[in-house]
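What follows is a short report on a single structure.
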Amino acid sequence: MAKIFCVANQKGGVGKTTTTVNLAAGLARIGQRVLMIDLDPQGNATMGSGIDKRTMPLSVYDVLLESASIREAAILADKCGYHVLGANRDLAGAEVELVEVERREKRLKQALADVDGDYDFVLIDCPPSLSMLTLNGLCAAHGVIVPMQCEYFALEGLTDLVNTIKQVHANLNPDLQIIGLLRVMFDPRITLQQQVSDQLKGHFGDKVFNTVIPRNVRLAEAPSYGLPGVVFDASARGSQAFLAFAQEMVDRTRGR
């Protein structure tokens, strides 16, 4: 049975896409079968996996509108080692088209049921807003991975996300829970970041992942080459951290 996780944070610019593609690549490196789903119309996770969003014959848009299955629409990102259910600008139209259809928030969940035995992990890159797309991701997932920077305003965004997850858990998906908080773009030399990190650990305890992703130039450069950092430069500090995070995810979810 596939373990399905959303990578979500209602605050923009916190490294959701970087986390999704590098975790996917890290899991693939350690022998896991991985599907990465891009639910953001900008398609950054698609392009960052080496897939050209402009030439895809089918995308997550077709899956949500039930004109294609995941098996038909998913593409192997051969350099990365995982499958991609990609997104492009068409997906922005899905918001409007889904408004009046039945079971609109459960379209992705139903599509994933058909490929449950094909993958060990399914990672869903969500847009920053709480939209119908994000709701589809949250309804399909077993849990949420929350990447966050250790900055003051990040804590406010986290409060909003926790409230959203509680509402979805209560009304639409009783399986949904926070799997863990991932500290990203971390610089231990900055006192405030260390203080916020300590606050997170004090408040959320073991919900904070042990792995910390450092601020790293090679991770930032990788998307311009259409690759996750783990594939672009596996020896970089950031890539090594994501490989450690992938192993922590496997260990944490074993037996779930």
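The values are calculated or read from the model by the stated rules, or taken from the named source; none is laboratory data. None of the values given here were measured: they were computed from a predicted structure. Using ideal geometry, Cβ is built from the backbone for each residue, glycine included, and neighbour counts are taken over all protein chains shown.
Let's see how each residue does on (1) in contact with a Leu (Cβ under 9 Å, 6 or more places away or on another chain); (2) more than 24 Å from VAL21 (Cβ to Cβ):
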position	(1), (2)
PRO127	yes, no
CYS139	yes, no
CYS150	yes, no
ASP160	yes, yes
THR164	yes, no
ALA170	no, yes
PRO174	no, yes
ILE179	no, no
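For ASN171, the stated conditions hold: it is free of Cβ contacts under 8 Å to residues at least 40 places away in the same chain, more than 18 Å from GLY12 (Cβ to Cβ) and loosely packed, with under 14 Cβ neighbours inside 10 Å.
Residues of the range 2-13 that are within 18 Å of MET47 (Cα to Cα) and modelled with pLDDT under 95: GLY13 alone. Does at least one position in the range 92-107 carry a residue that is surrounded by 14 or more Cβ atoms within 10 Å (Cβ to Cβ), in contact with a Lys or Arg (Cβ under 8 Å, 6 or more places away or on another chain) and part of a loop (DSSP other than H, G, I, E, B)? There is no residue in the range 92-107 that is surrounded by 14 or more Cβ atoms within 10 Å (Cβ to Cβ), in contact with a Lys or Arg (Cβ under 8 Å, 6 or more places away or on another chain) and part of a loop (DSSP other than H, G, I, E, B).
Restricting LYS166, LYS207 to residues that are surrounded by fewer than 15 Cβ atoms within 10 Å (Cβ to Cβ) and more than 23 Å from LEU243 (Cβ to Cβ) narrows the list to LYS166.
For the range 108-120: of the residues being outside any loop (DSSP other than H, G, I, E, B) and touching a helix residue (DSSP H, G or I) at 6+ places or on another chain (Cβ under 6 Å), which is surrounded by the fewest Cβ atoms within 10 Å (Cβ to Cβ)? Step by step, filter the range 108-120, then rank; the result is LYS109. How many residues are hydrophobic (A, V, I, L, M, F, W, C), surrounded by fewer than 19 Cβ atoms within 10 Å (Cβ to Cβ) and within 23 Å of SER239 (Cα to Cα) when one looks only at the range 182-204? The qualifying residues number 1. The residues of the range 196-235 that are small (Gly, Ala, Ser) and at negative phi, listed by number, are SER197, GLY202, ALA220, ALA222, SER224, GLY229, ALA234, SER235. When the range 136-148 is filtered for residues that are surrounded by 22 or more Cβ atoms within 10 Å (Cβ to Cβ), of a type outside the set (Val, Ile, Thr) and either in contact with a Phe, Trp or Tyr (Cβ under 7 Å, 6 or more places away or on another chain) or more than 23 Å from ILE30 (Cα to Cα) (or both), the ones remaining, listed by number, are ASN136, GLY137, LEU138, CYS139, ALA140, ALA141, MET148. At least 3 residues being of a type in the set (Val, Ile, Thr), in contact (Cβ under 8 Å) with a residue 40 or more places away in the chain and buried (at least 24 other Cβ atoms within 10 Å of the Cβ) is the threshold, and among the helices (runs of 4 or more DSSP H) wholly inside the range 1-86 those reaching it are 16-29.
Does GLN42 count as within 25 Å of GLY93 (Cβ to Cβ), modelled with pLDDT under 95 and touching an Asp or Glu at 6+ places or on another chain (Cβ under 6 Å)? Before the answer, list the steps.
On the way: within 25 Å of GLY93 (Cβ to Cβ): yes; modelled with pLDDT under 95: yes; touching an Asp or Glu at 6+ places or on another chain (Cβ under 6 Å): no.
No: the conditions fail for GLN42.
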